[in-house]
Amino acid sequence: MSDGADRLRLIAYAPAMVIVLVVLAIELGVGDLRTSNGSWLPLTEVFAVMASVLAGTLWFGWGQSRVATRAMSVLNAAEDERRTISAIGIGANWDLDLNRIFARFSNDLTTLIDYDRLTITTARRDGRMQLEFVAGMGAPEDEIGGIVVSVVGSPDGLVNPRDYGLHSQMTVPISAIDGTITLRSRDRDAYGPRHVDVMRQVVAQISPGISNAIHYQESQHRVMERTALAEIGRAATHETDLDSILMVVSGALSNLMKFDHLGTILTESGDGTASIVCWSTPDLLGLNAGDTVNLDGLQFGSGVLSGRGRDPLGLSTDGGDQEENERLWMQVPLGEQEKFLGMLVVSAPVDAVLSEDEADLLQRVANQITPAIQNARLTADLTRTLEERRIVAVIGRAASSKTQIRSIFEIVAKEVEPIVPFDRFIASVAMQDTEYLNVSYVQGIAYEGKEEGSKILRPSEDETRELRARRAIVRHLSDNDSDSSSALQAAGLKSWIQVALGDLTDPMGYLSFRSKIPNAYTDIHVDFLEGIARQIAPTLKNAQMFEMERALRDQLDNQNRELQEANAAKSRFLSTVSHELKTPLTIISGFIDLMSDDTEEFTEEHVEALDIMRKNSSRLGLLINDVLDISRMDAGKLRIEPTKFLVNELIDELDKSFKPVLNPKSQTLSVSISDSEIWIEADRNRVAQLITNLMSNAHKYSGEDSQIRLNVAVEDSNLCVLVEDEGIGISLEDQKQLFTAFFRADNRVAREAGGTGLGLVIARSIAELHGGDLWLNSIENQGTTVAFRLPGIISKPLVEPDEKMETSMLAQRSRLYPDTDWEDIGESA
């Protein structure tokens, strides 16, 4: 702009400059322009004339420059405006989202026109206007997508714009969306014809982009519509559950229509009623899913119907809530006139749109799901029949394994709940030779006088006759049932069904169900409950016999309890006596060992006497330890203390210790064990005790010159030990009691051998405490084999030599007295 102004100034000043230069040239005689020697004018006058001319010229040039500058400003502003309008149009044409187009447009428009509030409204299919976009100042009544309550001079729904300080308004139509753009400003007289012209140019620029976006949205809507119908079709093809199909329908339609309620009403089989299988808004028109409505008066099978009001379709049966607001309603039929199944019902707020497009969409959805509804109903009937048969079979199997009457009824209540609706269930059993029933089981709403264990009267004569005639008593509150007490009415129980258990002429009891649902029970429930009653009747008779035997069983239980208490007292006595004997015996044994260390100071008679004392104290110690072990077993306190030890060393020790024991009867011990080291983590003392008990029995019950075999092996990380003898064997009758404490076979050899009858019992307990087991095989007069298996085989551990030596010494000392603290023997002595 400055370059053009400078050029204009030079043009304006050029004539003045030429005149000045010509006058100076004449006066100075340049180029012989002056012919005489004298001056034409005095030099002072010449300069005055020149100054006047120059001043006039400058004044004229300055005025022309201002005019030129103002003209260039107008031209530049017009060019900037044209470019901005063009940019707005380009931005609108590059986007397919209306909201983004409106947002960018409202932002760019501020460079052209000042405003404090901009609104865009569009026409809906029902002819009303709705608010699409707001920029700048907002108002409480603004709701995007909501209906605009237009008043004269306020197309954007702003009722009192001056309350917001908005004094100027400009509204221009936008045909692409069949709507308007309204600008408001706080300034007075803010908009004029030029602004209107600019807005028309802007609208002309953005209209093609808006049209493209609308067409894109419509195509997207058609794609969504086809996708929704395909999804509904897949559900109708693959689903057999009606609720699942309707859930898919609701989800698919929610993306295509603005509604807040979906209902499905299906006709019943030829009884003039219809059932509401889906009603998404509870208590709307006083209806809910599961309610039954009469077909009379309803506009069924009349094609697509729509209306506006509280209940324009006449769906309500009891008037519903009279305070409910007006709504939009639309229903489409399911099936054709001759095969009418029901109808789909859609409802929406009054500001929504339910037009012919929505009706067409709903009709196509209805046509798709009608075959699926037929299949679903058939599948539901079949499923219900199979489920009823399954439940009857389950109740029969479960009840046959029960011996308590209450348990049988508890199973019935649990299994019938999916089929038979109830809020209170009573199972009663007839009391012999009385007119009363004993309430054996109650579930649900409770009230005084009919709880478990109480007595209630048998059915009246009229009820008994009805029971025999109809196989069940079915009543509803409207029937003025004499048994409907005030307590039942207060609990809201409106339906009652009762079936007999056993023979109808002399029932052994009754199953009674009550529900808050009106007309809850039908012949289907009668057949189902009658089948259950037949199924459990035999089991109930067995349970009654069991109840009669319970008293005798309780008496036997009391006797057993007394015996157990006596056995516990015996165990406590044995434990106390054993501990009292063990302490002095330990001290005596310690002194015998001390005296035996100095045998050179005694005579042979004294040494022999010490030897006899040692053997008898050892024998008595073993006996006391057995009694202590058995008492600990009875009390559950027998414990093991696992350590890591070498099995080979233990077997070698036992081999050496038993040779003197076997010599008097010239018996031999054959030991078989692997040459490789066998390490195990177990209680060394208890394992030694276990093997000792088995070998001691083999020694005692085998004759002279017999052989005892001890086999030790490892199988699958288990230590396997087998002790085999050639003794007298054990009869099959005695083998049944071998592991009973204090049992001893009644024969001469057993009596001569002595013993307590605890060795095998303790041995098996030790094996089981280690997680192993012990078993026996014996043939009378041929011999006995006893074997045990213990887990815990390990690899060779790292043990210090001193610790190893100390462990070996303590194990050797503790073989006969495993519960003795040998480190304190000196102090006790």
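The values are calculated or read from the model by the stated rules, or taken from the named source; none is laboratory data. Note that the structure is a prediction, hence the values are computed from the model and not measured. Counting neighbours? That spans all protein chains shown, and the Cβs are built from the backbone with ideal geometry, glycine included. Please note that ligands, DNA and RNA were not included when accessible areas were found on the heavy atoms of the full protein model with its side chains. Shrake-Rupley method; radii C 1.70, N 1.55, O 1.52, S 1.80 Å.
Could you tell me the calculated FRET efficiency between Glu608 and Val671, based on Cβ-Cβ distance and R0 = 22 angstrom, to the nearest 0.05?
Details: r = 31 Å, r/R0 = 1.39.
It comes out at approximately 0.10.
Taking every pair of Cα atoms in the range 405-548, average 1/r, invert it to obtain the Kirkwood radius, and report Rg/Rh to two decimals.
Values: Rg = 14.1 Å, Rh = 15.3 Å.
Value, to two decimals: 0.92.
For the pairs Lys455/Lys541; Lys656/Lys796; Lys258/Lys339, flag any whose C-alpha to C-alpha distance is greater than 26 Å.
Values: Lys455/Lys541 20 Å; Lys656/Lys796 24 Å; Lys258/Lys339 30 Å.
Beyond 26 Å between Cα atoms: Lys258/Lys339.
Please state, to two decimals, what the Cα-based radius of gyration of the range 163-290 comes to when divided by 2.2 N^0.38 Å (N = residues).
Details: Rg = 25.0 Å, N = 128, 2.2 N^0.38 = 13.9 Å.
Against the compact-globule rule of thumb, the ratio is 1.80.
Over 14 Å, how big is the tail of the calculated P(r) for the range 188-237, in percent of all Cα pairs? Present the calculation step by step, with values, prior to reporting the outcome.
Values: 861 of 1225 pairs.
Distances greater than 14 Å cover 70 percent of the Cα pairs.
Carbon-plus-sulfur fraction of the accessible area of the range 77-121, 1.4 Å probe, in percent?
Numbers: 1090 of 2240 Å².
Within the range 77-121, the accessible surface is 49 percent carbon and sulfur.
Quick one: if you stick a label point 7 Å off each Cα along the C-beta vector at Val196 and Leu563, how many nm between them?
Modelled inter-label distance: 11.6 nm.
Ranked from the most accessible area to the least, with a 1.4 Å probe and all protein chains present, what is the order of Arg475, Arg468? Display every interim value, and only then the final one.
Working: Arg475 45, Arg468 130 Å².
Output order, biggest surface exposure first: Arg468, Arg475.
What is the distance, in nm, between label points placed 7 Å from the Cα along the Cα-to-Cβ direction at Gln363 and at Tyr216?
3.3 nm
Tell me the label-point distance for the pair Asp260, Ser795, using the 7 Å Cα-to-Cβ offset, in nm and rounded to one decimal.
Label-label distance for Asp260 and Ser795, simple model: 7.5 nm.
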